[in-house]
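The values are calculated or read from the model by the stated rules, or taken from the named source; none is laboratory data. All values derive from a computational prediction rather than experimental measurement. Heads up, the Cβs are rebuilt from the backbone with ideal geometry, glycines too, and the neighbour counts pull from every protein chain shown.
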Amino acid sequence: MNQKVVRILQSKTFKRTMFITGILILLLTGFIVVSPETFLRFGYPGIFVICALGGSSLLLIPLTQYFNVFGLAFAAASGMAVNDSIAWIIGSSGTAIVERPAKLKKIEHTVERYGMVAIFFWSLIPFPYDLVGFVAGYLGLSYPRYVIPTFLGKFVRFSLIGLGLASAVFK
């Protein structure tokens, strides 16, 4: 089964499909940022789905005036944690799917040394978090020990961003 997954993930069709899907989600996110009114009817589940599909924290900018900041942060962080789990799955599959570049050494060392605390702090910053998920999976960090600090870090980050935006908007 592992070889079949590797072949699928390395295929040109899969890569093209993911590229096109990413562009579509980016366009949808841009549309929501510019005109959030049509998106509001989907509520928190819609925010979760967009973030699970790879939507960005740009959604927080227009939506803080329509939703509770903590509900918004919860939905966005939950969706992003689901999205970031893909990197953990790939990492836990070993080097068969993605070779480990030398640039990951610093992240690898931090995760090995500090574990869940490192995952939490890495998820606080807007950083290509897929690298952290890949390393955590590769190092054998269990899924709960990866996804819980990922969610918590993103929840704190999105809450702080949302509170800052809400206070700026509602001054």
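Taking the criterion of being farther than 27 Å from residue 70 by Cα, assigned to a helix (DSSP H, G or I) and not aliphatic (A, V, I, L, M), the residues of the stretch 119-154 that qualify are 134, 137, 138. The set of residues in the stretch 19-67 that are surrounded by fewer than 13 Cβ atoms within 10 Å (Cβ to Cβ), farther than 22 Å from residue 86 by Cβ, modelled with pLDDT of 85 or more and of a type outside the set (Phe, Trp, Tyr) contains only 41.
Per the conditions (1) surrounded by fewer than 23 Cβ atoms within 10 Å (Cβ to Cβ); (2) without any contact (Cβ under 8 Å) to a residue 60 or more places away in the chain, the sole criterion not satisfied by residue 79 is (1).
Are any of the residues in the stretch 141-164 under 20 Å from residue 75 (Cβ atoms), buried (at least 21 other Cβ atoms within 10 Å of the Cβ) and modelled with pLDDT under 85? Taking every residue of the stretch 141-164 in turn, at least one turns out to be under 20 Å from residue 75 (Cβ atoms), buried (at least 21 other Cβ atoms within 10 Å of the Cβ) and modelled with pLDDT under 85.
Filtered by the rule that a residue be of a type in the set (Phe, Trp, Tyr) and modelled with pLDDT under 75, the stretch 91-133 gives a lone residue, 127.
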